[in-house]
1. Can you tell me which of 85-94, 17-26 comes out highest on packing, and rank the rest after it, using the mean Cβ neighbours within 10 Å?
2. In nm, to one decimal, how far is the modelled label at Lys76 from the one at Arg11, with both set 7 Å along Cα→Cβ?
3. With a 1.4 Å probe and all protein chains left in place, how much of the accessible area of segment 1-105 comes from carbon and sulfur atoms, in whole percent?
4. When the Cα centres of segment 58-78 and segment 10-55 are compared, how far apart do they sit, in Å?
5. Do the alpha carbons of any pairs in Lys59/Lys91; Lys15/Lys47; Lys27/Lys96; Lys17/Lys74 sit beyond 23 Å of each other, and which pairs?
Amino acid sequence: MFNYYIDLSERILAKAKLGEDTSALRKELYFTRASNLITKLNTDELKKTFWINIYDAYKLIMTAENKDAKTILKRKRIKFSHYLLSLDDIKYGILKIHKYKIGIYYVNNPFYSSFIKRLAVEKADKKLNQSLNKSLHRKESKITFEKKLSYSKFFIL
């Protein structure tokens, strides 16, 4: 089954890896309605696939723009559904269910906006941190979505 939002995130990631212009695709992402995204990404696997692709793509885009490496994760540069998100918002707010990193500990953050809380996954994945860290070091990593029968999975290649 084709999912437009998964396809959009994969196209943004593919263009970012090739170093091509992603502004048209990022504009599509900006004008995406959050309510449509929530209904189309109705499982945690779909949400993880979408947000990991977006995270990896923007990490590559922001690194290529030679921004200060220390502030890349905290800078609110991801324009999504008329909101601005940072890589930390995606990693800790959406993928890790409203966690805030203090040193080596993760604490529930009650100050995340309701917008981020609506987009967040239902259950946190313990292997997620490893896959995000691997994707930062290997440019050839890619998250793809496959539909087999009526069962969906995401694979890290």
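1. Packing order, densest peptide first, comes out as 85-94, 17-26.
2. 2.8
3. Exposed carbon and sulfur together represent 55 percent of the surface.
4. Each part reduced to its Cα centre gives a spacing of 17 Å.
5. Lys27/Lys96
The values are calculated or read from the model by the stated rules, or taken from the named source; none is laboratory data. Computed from a predicted model, the values in this text were never measured in an experiment. Here the Cβ is made from the backbone with ideal geometry for all residues, glycine too, and neighbour counts use every protein chain on show. The area values use the complete protein model at the heavy-atom level, side chains included, leaving out ligands, DNA and RNA. Shrake-Rupley method; radii C 1.70, N 1.55, O 1.52, S 1.80 Å.
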